[in-house]
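Below is one structure; the comments refer to it alone.
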2 protein chains.
Amino acid sequence: MNRLEMTLLILREIAITADSSRRRLREVLPEGLGEAQFDVLSHLTFTTNRNETPSDLARNFHVTRPAMTQTLNRLRAAGLIELVPAPQDGRVRYVRLTAAGRARHDEVVGVLEADIRAVSRRFSNADLEGLLQQARRFRLEMEQTAELDTKEHSS
Amino acid sequence: MNRLEMTLLILREIAITADSSRRRLREVLPEGLGEAQFDVLSHLTFTTNRNETPSDLARNFHVTRPAMTQTLNRLRAAGLIELVPAPQDGRVRYVRLTAAGRARHDEVVGVLEADIRAVSRRFSNADLEGLLQQARRFRLEMEQTAELDTKEHSS
DNA sequence: GCCATATAGTTAATTAACTTACCTAATTGT
DNA sequence: ACAATTAGGTAAGTTAATTAACTATATGGC
């Protein structure tokens, strides 16, 4: 088996795993909280007080700004985030997680934690560390290749 | 960093990588061929002459039968698959890849191959083999945990 | 200072890919 | 022979995305 074939198989495993965890997340999400919304909520819990704007989030998640507007609207309607105006720039709004938003996120994570813990128990510390390192390297190489592609396309 | 945290980070890397490759696929897909359709096409190229039914495919992809009906309808409308009636069972139809379907699939794969090759070149044979093995093991443990969850739910 | 241009955000319309609820036809087990 | 299961499909609705077009604010060159 050559490297091309192995890389294809690695991508397949990654796709299946991502799909599987995605499916589990969907089962656990409460009524009215969609996947895209949870992803943003989750991101915000890691980056509080960084004054992120809707545009920043759109870039971060690789979606268009209207897509992010829609996601943020739903989160705001549910009271899970707030948009506060930026003092220096009248165009800009900062996205802020509310207490309710943080609570809702933590509920979901609480349910998922049991599953993730069950998986983590099957591996040694060293195995997890190795996999994490390799997976991260693989991801970085992928993104670098993707960048080259987009630059080619724009030329 | 404990095992739970490492597992979370691994899942994050996997999610990002899957998303990235998905995005690249979307860029490459020709007008009128959606992701779900390509996935089915791709699956069929690996399993020709196995007499798979729409139900089989729905199970395989973890989607409902109406979802698969829709995907197959589009593929059939584009002439990329055929549904042939099963001789022994009047309810069943077998899904068959057409020559046009195989050709369309191969075109897309041809474009993607350059990218995958670029990534594969950055890794040693041993690294890829190690990552593949670990990624597969991780996937299997995930699926096993997911199975337990669904059984709990049905009891 | 003024205007061209870029940037932030939004609205409207459309699409892909799902879901659930419900229906029909064919098969199977007792 | 007939009740229950299975294969397939229709209809209607949802989520998350897209592109096109709009408004409002900011900025850089002359």
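Data overview
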{"read-out": "Rounded to 10°, Cα long-axis angle of helix A:125-154 versus longest principal axis of chain A", "value": "70"}
{"read-out": "Under Karplus coefficients 6.51, -1.76 and 1.60, residue-wise ³J(HN,Hα) of the stretch B:12-18 in Hz, glycine/proline x", "value": "5, 4, 4, 5, 5, 5, 4"}
{"read-out": "Segments A:3-14, A:68-79, B:53-64 sorted - mean Cβ within 10 Å per residue, highest first", "value": "A:3-14, A:68-79, B:53-64"}
{"read-out": "CD proxy at 222 nm, helix term only [per DSSP H run n ≥ 4: -39500 (n - 2.57); per residue of chain B; nearest 500]", "value": "-24500 deg cm²/dmol"}
{"read-out": "Cα point-scatterer Debye curve for chain A, base-10 log of I(q)/I(0) at q = 0.11, 0.17 Å⁻¹", "value": "-0.61, -1.19"}
{"read-out": "Relative contact order (%) - criterion: Cα under 8 Å, at least six apart; region: the stretch B:17-142", "value": "23"}
{"read-out": "Between 0 and 90°, nearest 10: helix B:99-120 axis offset from chain B longest Cα axis", "value": "10"}
{"read-out": "Cβ nearest the rotation axis (A onto B), residue from chain A and distance to the nearest whole Å", "value": "A:ALA18, 2"}
{"read-out": "From phi via Karplus (6.51, -1.76, 1.60), per-residue ³J(HN,Hα) for the stretch A:64-80 in Hz, x at Gly/Pro", "value": "6, 5, x, 4, 5, 3, 4, 4, 5, 4, 5, 5, 5, 4, 8, x, 8"}
{"read-out": "Inter-copy spacing of B:PRO30 label points, which lie 7 Å from Cα along Cα→Cβ, given in nm from shortest upward", "value": "4.8"}
{"read-out": "Relative compactness, the stretch B:7-61, computed as alpha-carbon Rg over 2.2 N^0.38 Å", "value": "1.42"}
{"read-out": "Where only alpha carbons of the stretch A:60-100 are counted, the Rg and the Dmax (Å)", "value": "11.0, 28"}
{"read-out": "Hull volume in cubic angstrom per residue (convex hull over the Cα atoms of the stretch B:35-96)", "value": "80"}
{"read-out": "Cα gyration tensor shape for the stretch B:47-138, rounded if a/c is under 1.5, else prolate or oblate", "value": "prolate"}
{"read-out": "Spread of Cα-to-Cα distances over 10 Å intervals beginning at zero, given as percent, for the protein assembly as shown", "value": "5, 21, 29, 29, 13, 3, 0, 0"}
{"read-out": "Hz values of 3J(HN,Hα) by residue in the stretch B:24-30 - Karplus curve (6.51, -1.76, 1.60), Gly and Pro given as x", "value": "5, 4, 4, 4, 8, 4, x"}
{"read-out": "Size of electric dipole in the stretch B:1-142: Cβ of Lys, Arg +1 and of Asp, Glu -1, about Cα centre, debye, nearest 20", "value": "220"}
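The numbers here are math on the coordinates, done by the rules we state, and not lab data. What you see is a predicted model; the values in this text were computed from it and never measured. When we count neighbours, we look across all protein chains shown, and the Cβ atoms used for this are built from the backbone with ideal geometry, even at glycine.
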